[in-house]
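Derivation of every value follows stated rules applied to the coordinates shown; laboratory data play no part. Not measured: the values here are computed from a predicted model. Here Cβ is always computed from backbone atoms with ideal geometry, including for glycine, and neighbour counts include all displayed protein chains.
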Amino acid sequence: MITLPRLRCPNCGKAMGPVSAKEIPPANKFEECLRRCEKCRIGASNAKNPAKVKFIHADQPQEPAPPKP
Ligand SMILES: [Zn+2]
């Protein structure tokens, strides 16, 4: 069993998780995130390390990061 630690929603500060699951799938979109803020429609990617978590907005298509100037 893997437990993803609790995070805070970057928008409203609400706690997301902790979540335990047998398998942690990679999250590339909001629906795949195990930790979500339904109010803000923001999901946290399924990284165990909080420093590596990316926040995914449900209404925002995933795009590669823009190149740095
Ligand atoms: Zn929120």
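For the pair His57 and Lys22, a Förster radius of 25 Å applied to the C-beta separation gives a FRET efficiency near 0.35, rounded to the nearest 0.05. Spacing of the modelled spin labels on Ala65 and Asn11, each 7 Å from Cα toward Cβ, amounts to 2.2 nm. Under a 5 Å amide H cut-off, with hydrogens placed 1.01 Å from N, Lys54 pairs with Ser45, Ala47 among residues at least 5 apart or on other chains.
Assuming charge only on the beta carbon of Lys and Arg (+1) and of Asp and Glu (-1), the dipole of the chain about its Cα centre is about 300 debye to the nearest 20. Size of the chain: Rg and Dmax of its alpha carbons, in Å, are 12.1, 43. Taking 0.36 nm per residue of sequence separation and removing the Cα-Cα distance, the Ala47/Glu31 pair yields an extension gain of 4.3 nm. Restriction of the GluC sites (Glu not before Pro) in the chain to DSSP coil positions whose beta-carbon has at most 14 other beta-carbons within 10 angstrom yields Glu23, Glu38.
Exposure proxy ranking for Ile24, Ile42, Ile56, based on other Cβ atoms within 10 angstrom of each Cβ and starting from the fewest, stands as Ile24, Ile56, Ile42.
Put in order of Cβ neighbour count within 10 Å, fewest first, the listed residues Met16, Met1 become Met1, Met16. Evaluated over segment 2-57, the count of Lys pairs having alpha-carbon atoms less than 22 Å apart is 13 (only pairs 8 or more residues apart or interchain).
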